[in-house]
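So the structure is just underneath, and the comments pick up after that.
The values are calculated or read from the model by the stated rules, or taken from the named source; none is laboratory data. Remember, it's a predicted structure, so these values are computed and weren't measured experimentally. Note that each Cβ is placed from the backbone with ideal geometry, even for glycine, and that neighbours are counted across all protein chains shown. The area values use the complete protein model at the heavy-atom level, side chains included, leaving out ligands, DNA and RNA. Shrake-Rupley method; radii C 1.70, N 1.55, O 1.52, S 1.80 Å.
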Amino acid sequence: MKKEILVSIVVPVYNAKDYLEACLNSIVDQSYKNLEIILIDDGSNDGSGNILDSYAKKDNRIRVVHNTNYGVSYARNYGIKIATGSKILFIDSDDTVDLDYVKKLLIPLEIADYNLVICGINDVKLKNNRIRPRKFPKKLTGKLQNDFCDLFMMPIITGPVTKLYDTSILRKNEIYFSEDISFNEDVMFNLQYLRYVENYKIVNEALYNYLRRPSQSLSKNRSEKNFQSVLKVANALKNFIEDKKIIDGNIALTHQCLNYLKWFAVTNGGYPVFKQRASKLKSVLDGIYATKDNKRATNIWLLKNGWLFVLYVMYWIREKGKL
């Protein structure tokens, strides 16, 4: 690199006291030093804000913002608006990163001005301290049109972490996290950004540690509000795939719709609500399997037309507590 790039790191924080110091230590101890560290306290009431302030007193690269509890999307958007770095990273406050995380993400920029660089991720199950890296397919080409489906299915291109974004693209095109979407808003954010990406670069190392903790009840996630959110995301994904002419994009869309229906299959409304949700998601897929000139496309077409029966059976199994 001809000159050092200022990288802004945005960390939204809400009641993360038990994990916060490990996260912050992995950031302030980075081998790459030219950082702007933006810590957004989203109305924490567990002492997280005090921890952030104590770190800011010791490191002049840190900027702390204390907000009311507006939500993670608002916090990330605030970070985008005040960031002064030409590149931007998002890190969750209960995760950690490798000490060479920033340095290694910047290395590809010595060759070309990629506006998206992605690294691998470790899924860390804290219950048994088991670490599973997500491995990139060997057939990746570096062209988004060719690779999107594989990256989406991993999944590694849906969330905001592990990615080095171009701040100017975000600002110029007013790309922000949707604050009116309560579920999968990070997918929507990336779909907006990826419209401006043709070539990208992979750093084939797992440099980000996603710390998986015992999950809370999914009952809140199954609300009608969240289901309406995923319908918006599914339609945005369909439009993105069509507009960018993504290779095998129908496979990614089918995969995502099946996942959504699996998540929202159990409802207080019983089978009528399940059937309504299945029908709405199926309508997203209608008309996308016009081409059936190869075996793979035909198999997906058959899956699309047979999935309601499969999920009907799955619904009753889950309702009876056997799944």
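Structure notes:
- Residue in region 235-254 that is free of Cβ contacts under 8 Å to residues at least 24 places away in the same chain, surrounded by fewer than 20 Cβ atoms within 10 Å (Cβ to Cβ) and part of a loop (DSSP other than H, G, I, E, B) present: no
- Residues considered: Ser86, Ser93. Of these, the only one that is surrounded by fewer than 21 Cβ atoms within 10 Å (Cβ to Cβ), touching a residue at least 60 places away in the same chain (Cβ under 8 Å) and of a type in the set (S, T, N, Q) is Ser86.
- Taking helices (runs of 4 or more DSSP H) as the structural unit, those lying wholly within region 107-225 and holding at least 1 residues that are open to solvent by less than 80 Å² (accessible area, probe 1.4 Å) and among the charged types (D, E, K, R) correspond to 144-153, 185-194.
- Meets criteria (out of contact with any Pro (no Cβ under 8 Å at 6 or more places or on another chain), open to solvent by 20 Å² or more (accessible area, probe 1.4 Å) and touching a residue at least 24 places away in the same chain (Cβ under 8 Å)) for Tyr101: no
- Taking the numbered list (1) open to solvent by 70 Å² or more (accessible area, probe 1.4 Å); (2) part of a loop (DSSP other than H, G, I, E, B) in turn, His66 passes all entries but (2).
- So Val124, is it closer than 24 Å to Phe183 by Cβ and touching a residue at least 60 places away in the same chain (Cβ under 8 Å): yes
- Condition check for Ala278: within 30 Å of Asn146 (Cα to Cα), free of Cβ contacts under 8 Å to residues at least 40 places away in the same chain and among the aliphatic types (A, V, I, L, M): yes
- Top-ranked residue in region 1-59 [being buried (at least 21 other Cβ atoms within 10 Å of the Cβ) and acidic (Asp, Glu); ranked as nearest to Tyr101 (Cα to Cα)]: Asp41
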